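Notes follow once the structure below has been shown.
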Amino acid sequence: MTFDPLQALDVAFLAMLLIVAVAIVRMRSLFAVAMLMGVYSLVAALWYVALDAVDVAFTEAAVGAGISTVLMLGAMLLTAREARPVQARRKLGPLAAAIAAGAALFYALPDLPPYGAADTPANAGVGLEYLERTAADTHVPNVVTAVLASYRGFDTLGETTVIVTAGIAVLLLLGSGRRRREDEEAPE
């Protein structure tokens with residue numbers, strides 16, 4: 001077996017993601033958790049770039065590291081700064097669920113196609129047809145842009161509408177909490 005630097009990079013990114021995830025779970029400071037979740041999203045975005053999924057990397061960086069971090073910090077203004085201690089027995093359910101999900105993933109691992117194989121379902125059939133016909137059908141040289149803007153244009157518009165609506169709702173909720181505090185603090 002030969003040494004593949006790209007697979008070593010993948011393993012390094014996965015190790016960083018695991019370390020940050022464990023740190024997030026162990027933290028008590030909500031500010032530190034919000035910041036580490038932004039770091040997690042940035043590392044994930046870097047990994048997506050290494051996997052040649054630049055479109056997914058941009059989305060992860062914008063939504064995961066950008067908007068989500070800002071929204072969490074805004075929501076943190078309405079809550080305590082430290083998480084309350086949780087009893088050990090209340091941690092067993094989530095731990096069991098995480099172990100079961102991990103075991104299911106490892107059980108399914110042998111059924112995955114070989115890494116980078118050209119004859120995988122993603123690289124044959126409909127996917128291959130899109131790669132061959134996209135430039136002629138849409139006159140857009142980038143296949144990802146063509147799929148998002150042309151073939152899935154209404155779907156992308158719907159996703160954008162949902163994100164904008166959610167952002168407006170969060171801003172309204174944060175604004176109403178601020179007004180409520182100002183009303184409580186105002187002298188009569």
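Nothing in this text is a laboratory measurement; each read-out follows from the coordinates by a stated rule. Treat the numbers as computed from the prediction; the structure is a model and nothing was measured. Don't worry about glycine lacking a Cβ; one is built from the backbone with ideal geometry, like all the others, and counts go over all protein chains shown.
In a fully extended conformation the segment linking Val126 and Tyr107 would gain 4.1 nm over its present Cα-Cα distance, using 0.36 nm per residue. For the pair Arg28 and Leu78, label points projected 7 Å from Cα toward Cβ lie 2.6 nm apart.
Across the stretch 18-29, coupling constants 3J(HN,Hα) worked out from phi with the 6.51/-1.76/1.60 Karplus curve, θ = phi - 60°, read 5, 4, 5, 4, 5, 5, 4, 5, 7, 6, 10, 7 Hz, and Gly and Pro carry x. Charging the Cβ of each Asp and Glu at -1 and of each Lys and Arg at +1, and nothing else, the dipole of the chain about its Cα centre rounds to 1080 debye. Considering only alpha-carbon pairs that sit under 8 angstrom and 6 or more positions apart, the relative contact order computed for the chain is 15 percent.
Once you sort the root eigenvalues of the Cα gyration tensor of the stretch 34-91 as a ≥ b ≥ c, which label holds: rounded (a/c under 1.5), prolate (a/b larger than b/c) or oblate (the other case)?
Cα axes put the stretch 34-91 in the oblate bin.
In the chain, helices alone account for a calculated mean residue ellipticity at 222 nm of -23000 deg cm²/dmol, with every DSSP H run of four or more residues adding -39,500 (n - 2.57).
From the square roots a ≥ b ≥ c of the eigenvalues of the alpha-carbon gyration tensor of the stretch 1-112, which class results: rounded (a/c under 1.5), prolate (a/b over b/c), or oblate? Please list the in-between numbers first.
On the way: a/c = 2.41, a/b = 1.31, b/c = 1.84.
Since a/c reaches 1.5 but b/c is at least a/b, the shape of the stretch 1-112 is classed as oblate.
Judged by the ratio a/c of the largest to the smallest principal axis of the C-alpha gyration tensor, the stretch 50-188 counts as oblate, that ratio being 1.5 or greater while a/b is no larger than b/c.
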